[in-house]
Amino acid sequence: MPPLRTSDGALLLPSTPDTVLWGWLPNRDTPPALHVEDGDVVAIETVSHEGILEDQGRDPVAWFGRHGIERSDVLADAREIAASDISHEFGDGPHIVTGPIRVNGAQPGDVLKVEVLQLELRAPYGVISNRHGLGCLAGEFPETTVYVPGACAARPELYGSVSHFTRVEESRGTWFGLLPYGTEGRVARFPLAPFLGIMGVAPDTSQPVPSVPPGDHGGNIDINLLNTGAILYLPVQVEGAGFHAGDPHYAQGDGEVALTALEAPLSATLRLSVLKGPRIREAVGVLDRPFVETETHWIPVGLDRDLDEAMRKATRAAVRFLETAIGMGRAEALAYLSAAADFEISQVVDTVKGVHCCIRKADFG
C-alpha cells in the first residue's frame, strides 16, 4: 500500500497505536513507521499526552468533557491511543512520540537537517500541568493537594496533580492562550508560539530509551525557538536516522518551571535532509549534539543533569561553532560570546537540563 499524502503532496504520518511510542523513544532496533527519501517533506499529526495520562483517567473524552469539550471535539487519534492496549505506567515518560521515520541514505556520522515548514493547531485548547515530585519547585508545588499511594487510572484524583485547562483564541491574526485565574472570568492572555518539544534521531543502543531526558540524539530538548521557519540539526547515530517527533506545545516559557508548557496537538510539516562531509561543516561546523538555526540566530545547545555544566557545555559548543563554521579564533569567540550572545535556559524539568546560546547572524555580515 502506497504511503498516505496530504493535499500538498507531503508524506503523511498519522499518530495511531501502530505508529507511536508512549513514554519511550526509538532505538536502533525499532521498526520504521515510514520510509522517506533524502529531502522529502513529511506531515506528522502529533498528539499531546495531556488529557490521556493516568492522573487524568486515561480517558480524554471524560477529562475534557468536564471542561465543556464535546466528544466530537476531542481528537480521534487521542481517543484511540488512550483506549488502546499500549502498555504505559504513570512513572514512564508521558510523551506520545510518533515514528520512527527511516531516511534512506542517512548513515552514522551524517547530520539530519530538519526544517520546520509549518505548524498548525489541531485543537482550540491545551493543558498546563504540575505534578507531585516534578517541576522546578518539586516538594513545594502542588500546594493544595497530596499524592495518595495506590493512585491509578481508575482513581486519578489520588495523584493530586494540578492541570489547568486553557482555551486558545485568534485575534487579528494572532493566537492567544487564555489561562483563567481568580474570579469574575479573569484570564491571563498570552501569545502562542507553537513548536515541537521532541524531535530526535534514534540512539545507537538496543536498550529502552526514556522520552523525558534529552541528549546528543535530540529528543525532549524543549527549545521554544523551534517555531515555523527554524531548522534543527541532529547528528545521525544509526542507519536511516530513526527520526521521531512529539511533545507538541502551543507556548512555553524558558525554563518550563511548572513541569509542562501549554501542551496541545500540532500538525507539523517538516523537510528531512541528509548532510554529509563538507556540507556539515559549511552549515554548522563540527557538530556532536543538537544545533538550532533560525532566520536571525545560530543556536548551539548544552545538555546536562547539572545546570552549571549544561551552561559550560553550551559555551563550549558556541566556541566550537564560531571556530569551525565562522572562522573565529577561540579567544575571540569567547570574548564575543561574553559581550554579545545570550544564553537562555531551555528547561530545568526534564532530568537533563538545557541551555541554548543565541548568536546573532547579523553580527557576522
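The values are calculated or read from the model by the stated rules, or taken from the named source; none is laboratory data. Only a predicted model underlies this, so the values are computations on that prediction, with no experimental measurement involved. Here the Cβ is made from the backbone with ideal geometry for all residues, glycine too, and neighbour counts use every protein chain on show. Accessible surface areas use protein heavy atoms only, side chains included; no ligands, DNA or RNA. Shrake-Rupley method; radii C 1.70, N 1.55, O 1.52, S 1.80 Å.
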(request) Return the residue satisfying two criteria in turn: it lies in segment 171-185 and is in contact with a Pro (Cβ under 9 Å, 6 or more places away or on another chain) and surrounded by 10 or more Cβ atoms within 10 Å (Cβ to Cβ), and of such residues it is nearest to residue 57 (Cα to Cα). (result) 177
(message) Are there strands (runs of 3 or more DSSP E) fully within segment 205-275 with at least 2 residues that are at positive phi? List them.
(response) 241-251
(request) Output yes when any residue across segment 287-299 is in a strand (DSSP E or B), closer than 25 Å to residue 107 by Cα and open to solvent by 70 Å² or more (accessible area, probe 1.4 Å), and no when none is. (result) no
(request) Would you check if there is a residue in segment 142-161 being at pLDDT 95 or above, in a loop (DSSP other than H, G, I, E, B) and of a type in the set (Phe, Trp, Tyr)? (result) yes
(message) Can you pull out every residue in segment 308-365 that is open to solvent by less than 30 Å² (accessible area, probe 1.4 Å), of a type in the set (A, V, I, L, M) and within 14 Å of residue 285 (Cβ to Cβ)?
(response) 317, 318, 319, 322, 333, 359
(message) Filter segment 20-49 down to the residues that are within 19 Å of residue 206 (Cα to Cα) and surrounded by fewer than 21 Cβ atoms within 10 Å (Cβ to Cβ) and list them by number.
(response) 24, 27, 28, 29, 30, 31, 32
(request) State all residues of segment 82-115 that are surrounded by fewer than 24 Cβ atoms within 10 Å (Cβ to Cβ) and hydroxyl-bearing (Ser, Thr, Tyr); if no residue qualifies, say none. (result) 84, 87
(message) Going through 91, 126 one at a time, which residue ends up being without any contact (Cβ under 8 Å) to a residue 60 or more places away in the chain and either touching a helix residue (DSSP H, G or I) at 6+ places or on another chain (Cβ under 6 Å) or of a type outside the set (Ser, Thr, Tyr) (or both)?
(response) 91
(request) Quick one: which residue in 255, 219 is in contact with a strand residue (DSSP E or B) (Cβ under 6 Å, 6 or more places away or on another chain), modelled with pLDDT of 95 or more, within 21 Å of residue 104 (Cα to Cα) and not aliphatic (A, V, I, L, M)? (result) 219
(request) State yes or no: is residue 160 open to solvent by less than 70 Å² (accessible area, probe 1.4 Å), more than 30 Å from residue 204 (Cβ to Cβ) and touching an Asp or Glu at 6+ places or on another chain (Cβ under 7 Å)? (result) no
(message) Considering only segment 87-102, I want to know if a residue exists there that is in a strand (DSSP E or B), hydroxyl-bearing (Ser, Thr, Tyr) and closer than 30 Å to residue 288 by Cα.
(response) yes
(request) Mind listing whichever residues of segment 116-131 are open to solvent by 20 Å² or more (accessible area, probe 1.4 Å) and assigned to a loop (DSSP other than H, G, I, E, B)? (result) 122, 124
(request) Among the candidates 289, 320, 316, single out the residue that is modelled with pLDDT of 95 or more and within 16 Å of residue 360 (Cα to Cα). (result) 320
(message) So the check is Cβ under 8 Å with 6+ separation or different chains; which pairs have a first residue in segment 178-193 that's touching a residue at least 24 places away in the same chain (Cβ under 8 Å) and outside any strand (DSSP E or B) and a second one that's among the aromatic types (Phe, Trp, Tyr) and open to solvent by 80 Å² or more (accessible area, probe 1.4 Å)?
(response) 192/175
(request) Kindly indicate whether any position in segment 254-271 is surrounded by fewer than 20 Cβ atoms within 10 Å (Cβ to Cβ), within 27 Å of residue 138 (Cβ to Cβ) and not charged (D, E, K, R). (result) yes
(request) Within segment 50-72, work out how many residues are at positive phi and either open to solvent by 30 Å² or more (accessible area, probe 1.4 Å) or of a type in the set (A, V, I, L, M) (or both). (result) 2
(message) Test of understanding: among 246, 215, 200, which residue is open to solvent by less than 20 Å² (accessible area, probe 1.4 Å) and in contact with a Ser or Thr (Cβ under 6 Å, 6 or more places away or on another chain)?
(response) 246
